[in-house]
1. Looking at this structure, is G91 within 16 Å of the ligand (Cβ to nearest atom), touching a strand residue (DSSP E or B) at 6+ places or on another chain (Cβ under 9 Å) and open to solvent by 10 Å² or more (accessible area, probe 1.4 Å)?
2. Restricted to the range 216-246, and to residues that are of a type in the set (V, I, T) and touching a residue at least 24 places away in the same chain (Cβ under 8 Å), which residue is nearest to G16 (Cα to Cα)?
3. Pull up the range 142-162, narrow it to residues that are of a type outside the set (S, T, Y) and under 15 Å from the mean Cα position of the chain (by Cα), then point me to the one that is nearest to P109 (Cα to Cα).
4. Name the residue that is farthest from I8 (Cα to Cα), counting only residues in the range 79-88 that are of a type in the set (S, T, Y) and away from the ligand (no atom under 16 Å from the Cβ).
5. Checking the structure you have, find out if any residue of the range 66-81 is at pLDDT 95 or above, over 18 Å from Y108 (Cβ atoms) and open to solvent by 30 Å² or more (accessible area, probe 1.4 Å).
6. Looking only at the range 113-134, which residues are within 15 Å of the ligand (Cβ to nearest atom), under 20 Å from L246 (Cβ atoms) and touching a Phe, Trp or Tyr at 6+ places or on another chain (Cβ under 7 Å)?
7. Restricting to the range 176-196, name every residue that is open to solvent by 10 Å² or more (accessible area, probe 1.4 Å), touching a Phe, Trp or Tyr at 6+ places or on another chain (Cβ under 8 Å) and within 24 Å of E120 (Cβ to Cβ).
8. Which members of the range 101-112 meet the condition of being more than 16 Å from the ligand (Cβ to nearest atom), surrounded by 15 or more Cβ atoms within 10 Å (Cβ to Cβ) and either at positive phi or of a type in the set (A, V, I, L, M, F, W, C) (or both)?
Amino acid sequence: MRSPVREIFVSVQGEGPYAGYRQIFVRFPKCNLECLYCDTPKEWDMSNKCMIQITPGVNEFKEFDNPLSNDQVLEIIKYYNKIHSVSLTGGEPLLYARFIKELKYSRYPLYLESNMTLPEGAKEIKDIIKYVAGDFKLKTHCDFKGQYEKVFNDTARSFSILRKSSFRDCFCKMIITKDDEKENMLHALDQIKGCLSTLILQPVTPAEKISEPVPVKKVMEFQEAAMDVIEDVRVIPQTHKMWGCL
Ligand code: SF4
């Protein structure tokens, strides 16, 4: 089986409770959403090469033709050592759930970074994912084209499929912008509270389409309210952007 892959590199996880761990990142292209704060370039087609990092921490890459086979991906990632886990990221990796399942990779645990809006993909790989870093998008994050209720329900379903268990950790990362309302955050949290170990509130990193940061007071109020629903609620911004890490 083959899949397009945007890049493969080693870096340090910059978000959530596993921030600081050394990971292999397998970044898939394309996403089914268009969040206002997205920092992944949208344009991509099969003529784009897959960029493979040669030395961790150094911006030197080898180019591979897309799409890559399972064997090519396995061959590439076996050269990286002392790794906590393999982050499947994007774009949206659940668009490639079948390919991920067919990888049959077992050396390091798999860590899924997903927008959680594709429950069928979640079902496909639920038995092989050890860490789930799942987003819950609030209604101001994207133009959902009148489909937010479906996105909301699909997200809740994906969390239920990939919920924490004796085998798997599952946490939710909610980005908070200045336009978000506490009630919307609590409504989302209510659907998934039994699936999570931790809720991460991530203050939005200002980007092209969202230039204003969220006030600290607002984030603290969100945290206080969320702690009535789930015990472990942490505020963690994107740490990799602080030190120029990939
Ligand atoms: S879900 Fe992630 S990759 Fe997709 S548009 Fe939103 S921020 Fe970008």
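1. Working: within 16 Å of the ligand (Cβ to nearest atom): yes; touching a strand residue (DSSP E or B) at 6+ places or on another chain (Cβ under 9 Å): yes; open to solvent by 10 Å² or more (accessible area, probe 1.4 Å): yes.
Criteria met by G91.
2. By that ranking, first place goes to I236.
3. L162
4. Here the residue is S85.
5. Within the range 66-81 (the criterion being at pLDDT 95 or above, over 18 Å from Y108 (Cβ atoms) and open to solvent by 30 Å² or more (accessible area, probe 1.4 Å)), the answer is yes, since at least one residue qualifies.
6. Correct list: A133 only.
7. Scanning the range 176-196 gives Q191, C195.
8. Hits for the range 101-112 are L103, L110.
The values are calculated or read from the model by the stated rules, or taken from the named source; none is laboratory data. Since the structure is predicted, the reported quantities are computational estimates derived from the model, not experimental observations. Please note: Cβ atoms are built from the backbone with ideal geometry, for glycine as well, and neighbour counts cover all protein chains shown. Surface areas here come from the heavy atoms of the whole protein model, side chains and all, with no ligands, DNA or RNA. Shrake-Rupley method; radii C 1.70, N 1.55, O 1.52, S 1.80 Å.
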